[in-house]
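Written below as structure tokens is the structure these notes are about.
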Amino acid sequence: MALVYVSRRWRVEDITTLTSSGSFRARGSTGQFSDFIILLDNRPSGSVINDKVASLSTIVNGNRNKIAALLEAAIDSGINDVQSALAVNDDDAALAAVDSLISLIDNASGNEIADVWRSSGDVVNVKGLLLTQLQTLRFSLRTL
């Protein structure tokens, strides 16, 4: 499957949120500016999904000081729900948990989670990074 990848300082990650037929079309986004390439990914879906969940956890863990305590607890709970569903191969429950997390974070204000990006790189758009990771995780879960 061809997927959209973003290159960030020599690190490449999948940010695909949509593919469609015809001349190949794909969509992805990030919480910041990036260079994009389209590649063919032959990894097993389970491996891709596990990598995306791990990346989601890494983003949260690296930015806890930029997330309000109540929102942080809800995000942690949602990630646990995703991991638990995947552990028992319940893809529908994992997708529902991802959709709930997207809604939760999308509706969070700047007072609850850092949501500003500047090209100088001196601030982190945690909301944008989390939404990017969740949307690409949703894409992968929908392809199972």
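Computed from the coordinates by the stated procedures, all read-outs in this text should not be read as laboratory data. Only a predicted model underlies this, so the values are computations on that prediction, with no experimental measurement involved. Because the Cβ atoms are built from the backbone with ideal geometry, glycine has one as well, and the counts that use them run over all protein chains shown.
Suppose R0 equals 25 Å. What FRET efficiency, 1/(1 + (r/R0)^6) with r the Cβ-Cβ distance, do T143 and S120 give to the nearest 0.05?
In this case the efficiency is close to 0.10.
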- Note on the structure: Env charge @ L101, Cβ radius under 10 Å, K,R +1 / D,E -1, value -2
- Note on the structure: Phi-derived 3J(HN,Hα) across the range 100-113 with the Karplus relation (6.51, -1.76, 1.60, θ = phi - 60°), rounded Hz, x for Gly and Pro, is 5, 5, 4, 4, 4, 6, 4, 8, 6, 8, x, 6, 9, 8
- Task: Name the long-range amide H neighbours of T16: under 5 Å, sequence gap of 5 or more, or other chain; modelled H, no Pro or chain starts.
- Result: V4
